[in-house]
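For reference, the structure discussed in these notes is given below.
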Amino acid sequence: MTKKILVLNGNPKSSSYDHHLTDVYEIEANEYFEVKRFNLADMVFDPSLNTGYNAVQALEPCLADFQKAILWADHIVIVTPIWWGGIPAKLKGLFDRAFLPGFAFKYEGDNLLPTQLLTGKTARIIVTMDAPADYAIEQADPALKQLDLYTLQFCGYEKAEVNLFGSVISASKEEKKRWEKQVKAISYSGSYPRVDACKGEVNHRQ
């Protein structure tokens, strides 16, 4: 059975290096797998969970489609920048609005631990930063914990594979070509060897 992959470009800008990396991944992955793609920039929704879980907030069409894609996919690939040590606000809002009780998790009885509803799925997070590579892991770590450990894993996903590219702002054309080659490789192989963070590339698991 063909693997089903959901690819999310989590940069709210309509044009970005993240968009380009997502293109690279999607084009190659389409040769081997079933792929559905979402661009955060094209999704129109209220990113604020206005009443928390105290009332039902109707899903906009793009959020309903995103939920369907989450259930459909065996594997999710999230491409995102790190801004101010965190993920973009709209990306956080996407998970606030879509990963709801009864869909992504639920609490049962007096158990303080949730029942995970998105089990049997894997994830990869591709992160871009303008911070120098020497500081990349330190600055990205809080955002990766939030996105991987406290969101995806909380709901049942396996630990995400993480690729961290930086500094984008100071990268040469040759460096970017090397990153793009690696993204192409992981789109069909699923991984690539761990490399030296000082070279601007990091591959690790949370």
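Screening E138 against (1) modelled with pLDDT under 95; (2) surrounded by 15 or more Cβ atoms within 10 Å (Cβ to Cβ) leaves a single unmet condition, (2).
Screening T115, T128 for residues that are of a type in the set (S, T, N, Q) and within 16 Å of the chain's Cα centre (by Cα) leaves exactly one candidate, T128.
Looking at region 117-126, which of its residues are free of Cβ contacts under 8 Å to residues at least 40 places away in the same chain and either surrounded by 15 or more Cβ atoms within 10 Å (Cβ to Cβ) or among the basic types (K, R) (or both)? Scanning region 117-126 gives a single hit, L117. Test A133 against the stated conditions and say whether it is touching a Lys or Arg at 6+ places or on another chain (Cβ under 9 Å) and either surrounded by 19 or more Cβ atoms within 10 Å (Cβ to Cβ) or modelled with pLDDT of 95 or more (or both). Against the criterion (touching a Lys or Arg at 6+ places or on another chain (Cβ under 9 Å) and either surrounded by 19 or more Cβ atoms within 10 Å (Cβ to Cβ) or modelled with pLDDT of 95 or more (or both)), A133 qualifies.
When F99, F45, F33 are checked against the criterion of being aromatic (F, W, Y), closer than 19 Å to A123 by Cβ and out of contact with any strand residue (DSSP E or B) (no Cβ under 6 Å at 6 or more places or on another chain), F99 stands alone in meeting it.
Looking across region 1-22, the residues that are within 18 Å of the chain's Cα centre (by Cα) and farther than 22 Å from L144 by Cα come down to K3, K4, S14, S15. When the strands (runs of 3 or more DSSP E) confined to region 1-116 are screened for residues that are free of Cβ contacts under 8 Å to residues at least 40 places away in the same chain and buried (at least 17 other Cβ atoms within 10 Å of the Cβ), those reaching at least 3 such residues are found at 34-39.
The values are calculated or read from the model by the stated rules, or taken from the named source; none is laboratory data. This one's a predicted model, so the numbers in the text were calculated from it and none came from an experiment. So basically every Cβ, Gly included, is an ideal-geometry build from the backbone, and we count neighbours across all protein chains shown.
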